[in-house]
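I have placed the structure first, in the form of structure tokens, so that the comments after it can refer back to it.
Values in this text are rule-based calculations from the coordinates and carry no lab data. None of the values given here were measured: they were computed from a predicted structure. Neighbour counts are summed over all protein chains in view; Cβ atoms, including those assigned to glycine, are modelled from backbone coordinates with ideal geometry.
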Amino acid sequence: MNRLMKFGLLAAALFSGNALAVPIYSNLPATLPPSLPSLGYQATSTTEFGDHIQFAAGPRKLDSVTITMVDWAMASTYGSSAPGYQHNLTFNIYNYVNDTVAGPLIATTTQSAFIPWRPEADTTGTCLSGTWLASNGNCYNGSAFNVVFDFSGQNVIMPNGIVFGLSYNTQSYGSTPIGQPGPYNSLNYGLVATAPSVGTDVNPDSVFWNTSYPGFLTTGTPGTFGADTGWTGYAPAARFDAVTVPEPSSLGLFGIGLAGLAGLGATRRRKQAR
């Protein structure tokens, strides 16, 4: 393999978009638990739920966001033989302006996510009626799973602090309510009590929440995606992974070097032809 070919392969490795992503915010458990406390959107009249966070030092080109959700729906309830079902989820990222309302939208993505059914109810008599028995010996109503949102193709450069929100439709709530019951009525956003291992939850007692029912709110405004207090110990589970953006000067030097190497190759070919 000649030098020019090697340099071309190096270029592909460096600038193909496959840079190593690292977390800049995460409060996800190190190991996915059987279940988590969670917020059900249908049960709480919710359209969107999220938080105001700050990122740790590091890269700022967003690669992906991972969240933990909890499903309470069983296959037997819906006569399904499949391992789960598909449902559209939307993840929004906003500039932070104030606690009254989320700022301008930075990025959004909607994807059809696979939602695994929670295990069937325990029949051994170990658990209360309707709950399932996990391998750790505990009984749960819901089953936790992760969903990954891919932002790698959007070229989103993150500021140091943002507001994020997860939105999806249920029978009665969301941007376009479905109008009929379904397993999505038992789909919840997972909540964690631990502080982030990377980055900062700006106000651990506050979340951003859009619920239409005023009785659920402490300080928020019904029908507005804004801050609500009284949430200590219950933060939405999320991890943001980012990659480094090459500096323009580095790209310029790389281009000059590649052009120079190409010229050297052409000169050698001319000499060999003589």
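Using a cut-off of under 19 Å, list every residue of the range 204-241 whose amide N is near the label point 7 Å from the Cα of VAL97 along the Cα-to-beta-carbon line.
Only 207-211, 220-228 fall inside the zone, counting backbone N under 19 Å.
So what's the convex hull volume per residue for the Cα atoms of the range 20-243, in Å³?
Taking the convex hull of the Cα positions in the range 20-243, it is 130 Å³ per residue.
Taking the simple approach of a point 7 Å from Cα along Cα-to-Cβ for both VAL22 and VAL245, what is their distance in nm?
The answer from the label model is 1.8 nm.
So between GLN54 and ALA195, what do we pick up on full extension, going 0.36 nm a residue minus the alpha carbon distance?
Full extension of this stretch gives 49.5 nm more.
Quickly work out the ASN138-to-VAL202 label distance, labels modelled 7 Å from Cα along the C-beta direction, and quote it in nm with one decimal.
So the label points at VAL202 and ASN138 sit 3.1 nm apart.
Where the centre of each part is set by its Cα atoms, how far does the range 50-94 sit from the range 171-226, in angstrom?
Here the two parts' Cα centres lie 13 Å apart.
Hey, with R₀ at 35 Å, roughly what FRET efficiency would PHE216 and ASN155 work out to, going by the Cβ-Cβ distance, to 0.05?
0.40
Quick check on packing: order 81-93, 206-218 by the mean number of other C-beta atoms within 10 Å, highest mean leading.
Per-residue mean Cβ counts within 10 Å order the peptides as 206-218, 81-93.
Any idea which of THR194, THR46, ALA238 is furthest toward the positive side of the dipole for the range 20-243, if Lys and Arg beta-carbons carry +1 and Asp and Glu beta-carbons -1?
Projecting each Cα onto the dipole axis, the largest value belongs to ALA238.
With contacts defined as alpha carbon pairs under 8 Å and 6 or more residues apart, what's the relative contact order of the range 20-243 in percent?
39 percent
What full-extension length gain, to one decimal in nm, is calculated for THR229 and THR110 as 0.36 nm per residue of separation minus the Cα-Cα distance?
Roughly 40.1 nm would be gained on extension.
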